Amino acid sequence: MSTESAVLEPAVAPRVATDRLTQASRLLDLPFADLMYQAQTVHRANFNSHEVQLATLLSIKTGGCPEDCGYCPQSVHHETAVADEPLMQVDEVLAAARVAKESGATRFCMGAAWRGPKHRDITRVAELVAAVKGLGMETCATLGMLRDGQAETLRAAGLDFYNHNLDTAPEFYGEIISTRTYQDRLDTLERVRGAGISVCCGGIVGMGESRRQRAGLLAQLASLDPQPESVPINALVRVEGTPLAGAQEIDPLEFVRTVAVARILMPHSVVRLSAGRSALGEAAQALCFLAGANSIFYGEKLLTTGNPEAQADQALLARLGMRARA
Ligand code: SAM
Ligand code: DTB
Ligand code: SF4
């Protein structure tokens, strides 16, 4: 979070077409009912509005990350309760994936607290991917920045999706992270695409950004070409010891608006209602589904923080007359 990066970032930040940004901004500013109506219309034209995809997360390598992301409990720059642990073994990961599959998840996403994987890490993660793929689940990994050839190795092992978020608008990015640039992220996304892996790319809201900056994030995501297959929209989980622990909680209706605009701007993408569901409450989550969210992280843990119990989610979906996508 150096001031140098905060000053440099806007100058090097990629520009999206002004009309995209204007469109995102105007949508976010609509009267709530008009925005929801548009989002529902787009959603129903492209998806079965009763179905939700369930993806389970596992932190395969927790803590000790050299990056300084201001929101993250796994950074060595912040004093949090998260300890540095080694990469998990294949049998442990397989056991967790089996439980996720039995509970109804169709995608298993493995996260590692790395700046990026080293050569030997990729070899080991490739084994994990192949093992999970062998269970018949969709595989996803989020391992940080990738270098030449690494995405190809993961693809060959059976990786279906790679999650790498833009996190926020280019104009706000320097306030949150100094150890990697926006362009670094776009470069990794290019490598993922180039290897034939589907892209999972979204961001976090509730970090103190303005509505205009939320529009900036959405415009960047929608400008990726092709658009990401999955778009996780996270509400900041405020973790003690991180610089953003004291951030003001986002207005739940503003979060719903963000989801709705993601749905409208990326009509064919699966929009995931991601971190922050526990704090959001069930009524706001129901509005997010109305706004076009059609995926959730499922299981009582995200990476290091809590998530609603699987049974509570099943009950919520039943109350809403929705069902898990097979
Ligand atoms: N280390 C890798 C990286 O950052 O690319 C992969 C794991 S990282 C934890 C994956 C994503 O989780 C981040 O890009 C961020 O969007 C999200 N995330 C991390 N901490 C969060 C928090 N406290 N609240 C909401 N989202 C968070
Ligand atoms: C994403 O966009 N959100 C997930 C997943 N991709 C890897 C991570 C959320 C992490 C929340 C904080 C934690 O549990 O450590
Ligand atoms: Fe490291 Fe990822 Fe956390 Fe940033 S978000 S500190 S890169 S684990």
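We did not get these values from a lab; they are worked out from the coordinates using the rules stated. All values derive from a computational prediction rather than experimental measurement. Here the Cβ is made from the backbone with ideal geometry for all residues, glycine too, and neighbour counts use every protein chain on show.
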*Could you pull out every Cys in the chain that lacks a partner Cys with its beta carbon under 4.7 Å away?*
Cys65, Cys200, Cys201, Cys288
*Residue-averaged [θ]222 nm for the chain, counting only DSSP H segments that reach four residues, each worth -39500 (n - 2.57)*: -13000 deg cm²/dmol
*asked:* What's the ranking of 222-228, 203-209 by average number of surrounding C-beta atoms within 10 Å, highest first?
replied: 203-209, 222-228
*Quick one: work out Rg over Rh on the C-alpha atoms of the stretch 18-130, Rh as Kirkwood radius.*
1.12
*Largest to smallest principal axis extent of the C-alpha atoms in the stretch 22-317, angstrom*: 52, 39, 36
*Among the DSSP beta bridges whose two residues both lie in the chain, what percent are antiparallel, rounded to the nearest 5?*
5 percent
*asked:* Exposed loop sites here are trypsin sites (Lys or Arg not before Pro) in DSSP loop states with at most 13 other C-beta atoms within 10 Å. What is the longest stretch of the chain lacking them?
replied: 119-326
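Just subtract the alpha-carbon distance of Glu229 and Leu320 from 0.36 nm times their residue separation and send over the number in nm, one decimal. Can you show the working numbers first?
On the way: separation 91, 0.36 × 91 = 32.76 nm, distance 2.50 nm.
Fully extending the segment from Glu229 to Leu320 adds 30.3 nm.
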*By how many nm would the segment from Ala247 to His268 lengthen if fully extended, with 0.36 nm per residue of separation less the alpha-carbon distance?*
4.3 nm
*Could you check which residue among Gly136, Gly299, Gly111 shows the biggest mean-square fluctuation in a GNM of the chain with a 10 Å Cα cutoff?*
Gly136
*Relative to the Cα centre, what is the charge dipole magnitude of the chain, using +1 at the beta carbon of each Lys and Arg, -1 at the beta carbon of each Asp and Glu, and rounding to the nearest 20 debye?*
800 debye
*asked:* If I stretch the segment between Glu127 and Glu309 completely, what's the gain in nm (0.36 nm per residue apart, minus their alpha carbon distance), one decimal?
replied: 62.6 nm
